[in-house]
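Encoded as structure tokens, the structure appears first; notes follow it.
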Amino acid sequence: MQELREMRSKIHEEAKRLRNIDYILGRPSFENLWVLSDNKEKDRLRIALLSKHKDAIINWYKNHPLIDIGEQTLIQLRETAKEMCIHNYSRLGKIELLVAIKSAKINPVCLSEHPLENGEMITEIRRICDLMEPILIEANIPEDHLDFPEDAKYFEQHVIEAGHRWILEIYNNEYREAKTIKSLLSEEMWERYRAWADFGDHREVVLLMEAIQKLRKKITAGNRPELFKKASQKSMLHRLKKMRGDD
């Protein structure tokens, strides 16, 4: 009889521990952190769950690098997204906000509160293009497609402002959409997908290809700003030379 009581006691303790773990997993902030986690962080949690190690699960939560985002409510997430200049933040759902804020934390870009000088805008445009470079390469966009001459800082202000607004719009929309999807999997997992015969059938691949096509269409459109058009650059450089009296 004593042995039976001991077995029941062990089962009771195990059930209690599992209920505690289930309660922790069900917390909205815990679910938020799962969405924000990369594959390495998710693997650490999976190991803790398989071993039913409650303390390890709690430590995973408390020590998560993005806990400051994970513990925010929907209203707080929207306020954070607003501060980070995330486009259409008020229309995004909770998961979309979490992913967008994580992406913005990795590559922060925001309109300045004060008007920028021509040289400052040119510097920021180049910085944004550098941030986008890995995705631009994947989209097969020519390396010099977003390039412009060093003397571009002397172009008329409206030309530079138009280019600055355009590149920020792309960064905050088409680029971030593609970047967010790319962040769903590790680079190792993308490489595995590419090695499989049915590469194009995976949901993530389909979503990424659609996002990259939208990005490419936007950047290569014929109506892009004069700052990025070779013929316009040549004409504006010619005018600059005449103003300077260069031969």
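What is the chain's relative contact order, in percent, from Cα pairs under 8 angstrom and six or more apart in sequence?
Dividing the mean separation by the residue count of the chain yields 18 percent.
Can you give me the angle between helix 118-138 and the longest principal axis of the chain, using Cα atoms only, in degrees from 0 to 90, rounded to the nearest 10?
Roughly 60 degrees, rounded to the nearest 10.
Long-range amide H contacts for GLU71: which residues qualify at under 5 Å (H placed 1.01 Å from N, peptide plane, sequence gap of 5 or more or a different chain)?
For GLU71, no residues qualify.
With θ taken as phi - 60° and the coefficients 6.51, -1.76 and 1.60, list the Karplus ³J(HN,Hα) couplings across region 29-37 in order, rounded to whole Hz; mark glycine and proline as x.
Going residue by residue, I get 5, 5, 4, 4, 5, 4, 4, 7, 6 Hz, with x marking Gly and Pro.
Only residues of region 44-82 count here: report those whose backbone N is under 16 Å from the spot 7 Å along Cα→Cβ of LEU25, or say none.
Label zone hits: 44-61.
Is it possible to state the helix-based mean residue ellipticity at 222 nm for the chain, with each DSSP H run of 4+ residues giving -39500 (n - 2.57), the sum divided by total residues, to the nearest 500 deg cm²/dmol? What is it?
Using -39500 (n - 2.57) per qualifying helix, the result is -21000 deg cm²/dmol.
Pull out a ≥ b ≥ c, the square roots of the eigenvalues of the alpha-carbon gyration tensor of region 124-176, then state rounded if a/c is under 1.5, prolate if not and a/b is larger than b/c, and oblate in the remaining case.
The shape class here is oblate.
List, in order, the whole-Hz ³J(HN,Hα) value for each residue of region 92-101 obtained from phi through the Karplus relation with A = 6.51, B = -1.76, C = 1.60 and θ = phi - 60°; use x for Gly and Pro.
Result, ordered by residue: 7, x, 4, 5, 4, 5, 4, 5, 5, 5 Hz.
Compute the angle between helix 2-25 and the longest alpha-carbon principal axis of the chain, please, reported from 0 to 90 degrees and rounded to the nearest 10.
That works out to roughly 20 degrees.
Please report, in debye to the nearest 20, how large the charge dipole of region 1-71 is about its Cα centre when each Lys and Arg carries +1 at its beta carbon and each Asp and Glu carries -1 there.
Around 240 debye, computed over region 1-71.
Where nothing but the Cβ of Lys and Arg (+1) and of Asp and Glu (-1) is charged, how large is the charge dipole of the chain around its Cα centre, in debye to the nearest 20?
Rounded to the nearest 20 debye, it is 700 debye.
Name the residue, out of ILE69, ILE219, ILE21, whose mean-square fluctuation peaks in a Gaussian network model built on the chain with Cα pairs under 10 Å.
Per the Cα network of the chain with a 10 Å cutoff, ILE21 tops the list.
Please check: in the Gaussian network model of the chain (C-alpha springs, under 10 Å), which one of LEU50, LEU184, LEU131 has the largest mean-square fluctuation.
LEU50
Specify the angular offset, from 0 to 90 degrees and rounded to the nearest 10, of the alpha carbon long axis of helix 203-219 from the longest principal axis of the alpha carbons in the chain.
20 degrees
Each value in this text was obtained by applying a stated rule to the coordinates, not by laboratory testing. Keep in mind it's a predicted model, so treat the numbers as computed, not measured. Glycine also receives a Cβ, built like all others from the backbone with ideal geometry; neighbour counts cover every protein chain displayed.
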